[in-house]
Amino acid sequence: MTDEDKGKPEEQNCDVGKEKSDSGETEKRDPQPETVFLCFRNLNPETELKRYFGARAVLGDQRPRQRQRHFHRSTWLTVLKDTWPRFSRPGISMTLLESKDGQQYFTFEHSRDYQQVQFKFLDAVESMDPNNIVALLQLNPYHIDCLLQLSDVCRIQEDQEMARDLIERALYSFECAFHPVFSLVSGTSRLDYRRPENRAFFLALYKHMMFLERRGCPRTALEYCRLLLSLDPDRDPLCMLLLIDFLSLRSREYSYLLRLYQAWEVHRNLSQLPNFAFSVALSCFHLSQEEQTESGEREKLKQKADLLLQNALIMFPGVLMPLLDLCTVQPDAAVVSHVFFGPKSQQSPALAELVSLYVGRTHTLWREAGVLLWLEECVREVLQRVDSKDPLVEDCQNKRKQRYQNAPRNIHRHVILSEIKEATSALPLEVTTQPVMGFDPLPPLDSLASYTRPERQSVRASSESTLSLLFRSLLPNFNLQVSVAQAGRDLNQEVNRLMVAMRDMLANIQFQEPPREDNPDRDEGEWD
């Protein structure tokens, strides 16, 4: 769990992820290793695809056509496509705020014209009619939030290619606005997620990363994950530490995951995250099975993997049963009957959210026959340690009670973006009962807005969407704009009233049977 600085509303109820210090003082953070010195080549999915299929299969006949194309600005995140609208700067720029301790702090800025388009976009979102966003995008083909929102619509409609294309267009627009000294790979360029103008860049990178992972490019997705982590490693607003282990395992970067764990454990308590506790053990196990590893080193890695997995099971016993269930494995009778992995192992809601996220995301990595046999061995050892009153068991139980009281906001944000049903079902009511916008999910409570939206004038009835008119017909005093703008309890009351009215309407609908033209003496039980 990545904890932001104390006193900030984003992260105020979590002990995991905080810096350690025997004196109780905050330690000075060294330059973050393993997020520095990314590689431009690894940001290009063609690099990974060439490694799998060869350059000829990937490039095909692209090279001759590229020679005939007009000159375009060289970019690293994506390439301008001939199918895209003619590019013109939408009004986004980047400014260097300050340089401190070897790091440069930047922010994106919106021009006055772009701000006006942004206000129109918010109006279109509140209309609840995607056609209004499409119309706005036709006039402003590189407006970032329009591209992000429509990408989600296309993805829901299973048009993955168009959804991915819209995200790539947003990234191209961002990259054309980069400051001359802003670097994607140095690990020293910072962006503050609290600034609304910067959030869309984080979200575009995240969505692009997930498309790459689904496309079968986990190594490229891992590089984007490292990039996202390097932009704001202290706050980690999208909680990349909950994902980087999965991408490392998917891309078989086991040694990298161990180096990251060793470098960050001291000041981020990574062992207190279920995903790192189990994934680091799994990485050691895979390294111990590699043929190129020396026999003596294999034995050491295997012993280390056994100990790490046993400790992970003792610290997070609630992982085992859901993991076996998703792996379609029937647990041993001794495991089922033992109280340690039974119902009493239920954890706090915040820990249950983390466990559900890890199990839902990584259960496929545990389905290998060799991995399941190793897991079975470690579970038996854990039961013996529990029965023998190992002091670690009680110590971990106390830690579970003291920590994980409330998950910070960035973890909820990550769960929402992950769209993993096992995790989203574990979200607390204070999150599920508030409106969540796809272009800015759970904005920070301490946002640093550089400009504000003007107060809206009353909207004429003729401009209301069909859905709005339906709602108004059910509830005459229903105001869609007010309901969308309101948050928390007011919105919930309005939506609940609306749902009650709709249920009443559906319950009172009566369908008349059509006149029967067939033989009235026909048996009603007969089939045509």
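The values are calculated or read from the model by the stated rules, or taken from the named source; none is laboratory data. In this text the structure is predicted, and so the values were computed from the model without any measurement. Glycine gets a Cβ as well: all are built from the backbone with ideal geometry, and neighbour counts include every protein chain shown. Note: accessible area is taken over every heavy atom of the protein model, side chains too, but ligands, DNA and RNA are not part of it. Shrake-Rupley method; radii C 1.70, N 1.55, O 1.52, S 1.80 Å.
General observations
- Taken together, the criteria exclude residue 255 from residues that are surrounded by fewer than 18 Cβ atoms within 10 Å (Cβ to Cβ) and outside any helix (DSSP H, G or I).
- Each residue in segment 284-343 was checked for being part of a helix (DSSP H, G or I), closer than 21 Å to residue 392 by Cβ and either open to solvent by less than 80 Å² (accessible area, probe 1.4 Å) or of a type in the set (Ser, Thr, Tyr) (or both), and 23 pass.
- Residue match in segment 217-228 (condition: acidic (Asp, Glu) and without any contact (Cβ under 8 Å) to a residue 24 or more places away in the chain): no
- Identity of the residue in segment 150-164, in contact (Cβ under 8 Å) with a residue 12 or more places away in the chain and under 19 Å from residue 200 (Cα atoms), that ends up most open to solvent (accessible area, probe 1.4 Å): 164
- Residue among 320, 301, 287, 308 that alone is in contact (Cβ under 8 Å) with a residue 40 or more places away in the chain and assigned by the TED database to the domain that holds residue 393: 320
- Complete set of residues in segment 186-201 that are open to solvent by 10 Å² or more (accessible area, probe 1.4 Å) and over 20 Å from residue 437 (Cα atoms): 186, 188, 190
- Filter result for residue 184 (under 24 Å from the mean Cα position of the chain (by Cα), in the same structural domain as residue 90 (by the TED database) and at pLDDT 95 or above): no
- Any hit, segment 202-212, residues being open to solvent by less than 10 Å² (accessible area, probe 1.4 Å), part of a helix (DSSP H, G or I), closer than 30 Å to residue 289 by Cβ and touching a residue at least 40 places away in the same chain (Cβ under 8 Å): yes
- Residue that is surrounded by the fewest Cβ atoms within 10 Å (Cβ to Cβ) [pool: residues in segment 367-412 that are within 30 Å of residue 203 (Cβ to Cβ) and of a type outside the set (D, E, K, R)]: 405
- Every residue from segment 125-149 that is under 15 Å from residue 440 (Cβ atoms) and either open to solvent by less than 30 Å² (accessible area, probe 1.4 Å) or not in a helix (DSSP H, G or I) (or both): 125, 126, 133, 143, 144, 145, 146, 147, 148
For every residue, the table says whether it meets (1) touching a Pro at 6+ places or on another chain (Cβ under 7 Å); (2) under 26 Å from residue 42 (Cβ atoms); (3) of a type in the set (Val, Ile, Thr); (4) open to solvent by 60 Å² or more (accessible area, probe 1.4 Å).
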position: 79; (1), (2), (3), (4): no, yes, yes, yes
position: 87; (1), (2), (3), (4): no, yes, no, no
position: 90; (1), (2), (3), (4): no, no, no, no
position: 94; (1), (2), (3), (4): no, yes, no, no
position: 101; (1), (2), (3), (4): no, no, no, yes
position: 104; (1), (2), (3), (4): no, yes, no, no
position: 115; (1), (2), (3), (4): no, no, no, no
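- Unique residue being assigned to a helix (DSSP H, G or I), among the basic types (Lys, Arg), closer than 22 Å to residue 225 by Cβ and touching a Ser or Thr at 6+ places or on another chain (Cβ under 9 Å) when the list is 169, 155, 194: 169
- Qualifying residue in segment 177-185 (condition: out of contact with any strand residue (DSSP E or B) (no Cβ under 6 Å at 6 or more places or on another chain), open to solvent by less than 30 Å² (accessible area, probe 1.4 Å) and free of Cβ contacts under 8 Å to residues at least 24 places away in the same chain): no
- Residue check, residue 434 outside the structural domain of residue 306 (by the TED database) and in a loop (DSSP other than H, G, I, E, B): yes
- Candidates are the residues of segment 108-140 that are among the hydroxyl-bearing types (Ser, Thr, Tyr) and closer than 22 Å to residue 199 by Cα; the one that is farthest from the chain's Cα centre (by Cα) is 111.
- Taken over segment 421-448, the residue count meeting the criterion of being surrounded by fewer than 17 Cβ atoms within 10 Å (Cβ to Cβ) and more than 23 Å from residue 147 (Cβ to Cβ) is 11.
- Residue within segment 125-133 that is of a type in the set (S, T, N, Q) and at pLDDT 95 or above present: no
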